[in-house]
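Worksheet for the structure shown next.
Nothing in this text is a laboratory measurement; each read-out follows from the coordinates by a stated rule. Here the structure is a predicted model, which is why all the values come from computation and not from measurement. Backbone-built Cβ (ideal geometry, glycine too); neighbour counts: all protein chains shown.
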There are 2 protein chains.
Amino acid sequence: MTIDWSPIREAIEEGRNFLITSHVNPEADAIGSMVALARFLQGLSQSVRMVSPSAIPESCRFLDPAGEIVLFDPSRADALLRAADVVFIVDLSCWSQLGSFADPLKESSARRICIDHHQDPDEDIASVLIRDPSAAAAGVLIYELIRDLDGDMTPAIAEALYAAIITDTGSFRFANTDARALRIGADLVERGVRPELVYQKVFENRKWASAKLLAPVFTTLGKSVNGKLAWISATRKMLTETGANQGDMDGFIDQIRAIRGVEVCVFFKEADEGVVRVSLRSNGSVDVQRFAQSLGGGGHTRAAGLTVEGTVEEAIGKVIAGLESLVR
Amino acid sequence: MTIDWSPIREAIEEGRNFLITSHVNPEADAIGSMVALARFLQGLSQSVRMVSPSAIPESCRFLDPAGEIVLFDPSRADALLRAADVVFIVDLSCWSQLGSFADPLKESSARRICIDHHQDPDEDIASVLIRDPSAAAAGVLIYELIRDLDGDMTPAIAEALYAAIITDTGSFRFANTDARALRIGADLVERGVRPELVYQKVFENRKWASAKLLAPVFTTLGKSVNGKLAWISATRKMLTETGANQGDMDGFIDQIRAIRGVEVCVFFKEADEGVVRVSLRSNGSVDVQRFAQSLGGGGHTRAAGLTVEGTVEEAIGKVIAGLESLVR
């Protein structure tokens, strides 16, 4: 797909004050894309501000060392938007992903430009909607924009884009990894990016509590159907005792997904008294989206989720019994 | 560095019967490089055999589905070597890395060709020694050889080389990742390699026992010096109870290395009664090679190892006390 970047070129030439935003719960594809675009516009001597509808995670702070990205403050939405004539929306194309920033932005008169790689956009999100779901990351699109506009790919921009791309491709290991992403990675490394350092900053930033939590959670490791079905669980008590929170369990399910022979795996997380959030992963042999939907959840074929009311033991009983009939 | 491949071109033109070998304890860079080179030579209608000085790990079987790589059998060394006029030695350049195959090979009259990316070769390993330590993997060199000789980069060759490269670069995340490796990766993906499938085969092939072992091992998680120093340990009892072996603990130390603030981490493994093998990792602030050497071990600045006589508790006491004075 060849993207026509000319509407953006024109908007940049015509604009005076730019605002850049991204989705709630941003990761390094969101933050890296925002920062790279901001640095590019600043290089053109434009005035740029960045706003995020939710807090920047610790692992992304290195991309914005001076703390230029401000947290969206609804009470100051008017002032923020009055000062902007162009708003860039990157790495999302659904109003719902903008959180509390969605309504003020809809009402604003600023010109909206969206650059995204997700499916099923809200068509009214922007007057200029550049969308390419085949791009592995929003950072791929920002890279191509900057190249198309003959921008200066500075070290800061290169690092931000590299962080964006390795985040969404899992360091070039997910199914969205393509020659386009790898080739851009090569170009960014040639411009001075140190892959191991960016990887460490993005991925190796685990909290002590997360490592502490491995022992109790993996004590619960269970299996069925000759090991084709595997699960782990976490109670609120485990989190309290280790000082961990829900986010500290990111990646735990991947450790059972990687077991030889496992076709479907499940992580049961006690979210509240009598409420269990259930994450499902499949190697493709079972459609976990369909299973999750049958219990009121949703997701994708290989990754889905649902919520069960009851204790962790009750949730395990219910979900595993259902999956056992599918995994045979 | 531009490599002159003409000696290999000539050897291939002159040779009749080729034998390919690699190092002891082969991983997918060794196996993938052997298989890719074998397929390339077979495509030129050459007779090729592959021999390994030690067993092929389960995770590499997909690269040799028909089991063409034979395990070196010292009692049949004469017959094996008499039938070969050219022996390719790939992904190693030290005699010691050939195990029991080293001596018979030294005595053989077959022409030896070595293609490697390691430092400090034994210069007498081969009459043609192609060595480039800047190459991220031996697979990078085999790729360049095949391209230079206008070989047909078949799907089987592309997959073998992709597996080789992601093995040695940790899916493009280690410090050896460069634009050259990423660009070759892009080319191989363009030729049909599916990155997520190769990744799964190479890296997501964990034994059930390895996942079981996480709980007892992470129960031992300890820290010192405000969390700059962290360690875990494994006893033989843990391995017996979970059915795991030493190899099933690969990657465990990376899970503590990835903790925010950890500068040096240590994994104590009871190898035998009164014998503890100690693995050390550093973020670079402490030279663990020097520390390991002071206790009779060795390695690199950021990854080293040593052996301590005594119980696991005694090893922890000794090693941690020594490191505490360095990590401050």
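Structure above, values below:
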| read-out | value |
| --- | --- |
| Equivalent ellipsoid, chain A (semi-axes from 5 times Cα gyration tensor eigenvalues, Å) | 38, 21, 19 |
| Region B:11-44 and region B:252-328: distance between their alpha carbon centers, rounded to Å | 37 Å |
| Amide H partners (placed H, <5 Å) of A:Leu129, local residues excluded | A:Cys114 |
| Integer Hz, Karplus 6.51/-1.76/1.60 couplings in order for region B:242-254, x for Gly and Pro | 9, x, 9, 10, 4, x, 6, 9, 4, x, 4, 5, 5 |
| Which of B:Thr154, B:Leu41, A:Pro216, positive extreme of dipole for the protein assembly as shown (C-beta unit charges) | A:Pro216 |
| Environment charge of A:Cys265, counting only residues whose C-beta is closer than 10 Å and scoring Lys/Arg +1, Asp/Glu -1 | +2 |
| Aspartates and glutamates with Cα under 15 Å of A:Lys318, excluding same-chain neighbours fewer than 8 positions away | A:Glu270, A:Glu309 |
| Cβ-vector label at 7 Å, A:Gln42, separations to other copies in nm | 5.5 |
| For region B:285-295, 3J(HN,Hα) per residue [Karplus equation, 6.51 cos²θ - 1.76 cosθ + 1.60, θ = phi - 60°, Hz, x = Gly/Pro] | 6, 10, 7, 6, 4, 4, 4, 4, 4, 5, 10 |
| For A:Asp4, inter-copy label distances in nm, listed shortest first [label point 7 Å out on the Cα-Cβ vector] | 5.4 |
| Dipole magnitude (debye, nearest 20) for chain A, charges at Cβ of Lys, Arg, Asp, Glu | 1060 debye |
| Equivalent-ellipsoid semi-axes of region A:93-249, from the Cα gyration tensor, Å, largest first | 35, 23, 17 |
| Viscosity 1.567 mPa s, 4 °C: Kirkwood-radius Stokes-Einstein D of region B:238-328 over Cα pairs, µm²/s | 96 µm²/s |
| Neighbour-count ranking [beta-carbon atoms within 10 angstrom, fewest first] of A:Ser282, A:Ser100 | A:Ser100, A:Ser282 |
| Projected-area average for region B:1-60 over all orientations - Cα convex hull basis, square nanometres | 5.0 nm² |
| Contact order relative to length of chain A, as percent, for alpha carbon pairs under 8 angstrom and 6 or more apart | 12 percent |
| Rounded Å value of the spacing that divides the Cα centres of region B:47-94 and region A:184-244 | 37 Å |
| Other copies of B:Gly261: label-to-label distances in nm, shortest first, labels 7 Å along the beta-carbon direction | 4.0 |
| Region B:209-324 - percent relative contact order, Cα under 8 Å, separation 6 or more | 21 percent |
| Fraction in percent of alpha-carbon pairs per bin - 20 Å, the protein assembly as shown | 17, 46, 32, 5, 0 |
| Viscosity 0.890 mPa s, temperature 25 °C, Stokes-Einstein D of region A:1-137 from Kirkwood C-alpha radius, µm²/s | 164 µm²/s |
| Chymotrypsin sites (Phe, Trp or Tyr not before Pro) restricted to region A:145-188 and DSSP loop, no more than 16 other C-beta within 10 Å | A:Phe174 |
| Point-charge dipole on Cβ atoms (K/R +1, D/E -1) for the protein assembly as shown, about Cα centre, debye to 20 | 1380 debye |
| Within straight-line cross-link reach of B:Lys207, lysines at Cα separation under 21 Å, skipping those fewer than 8 residues along the same chain | A:Lys223, A:Lys228, B:Lys237, B:Lys269 |
| Ranking of A:His300, B:His23 by count of other Cβ atoms within 10 Å, fewest first | A:His300, B:His23 |
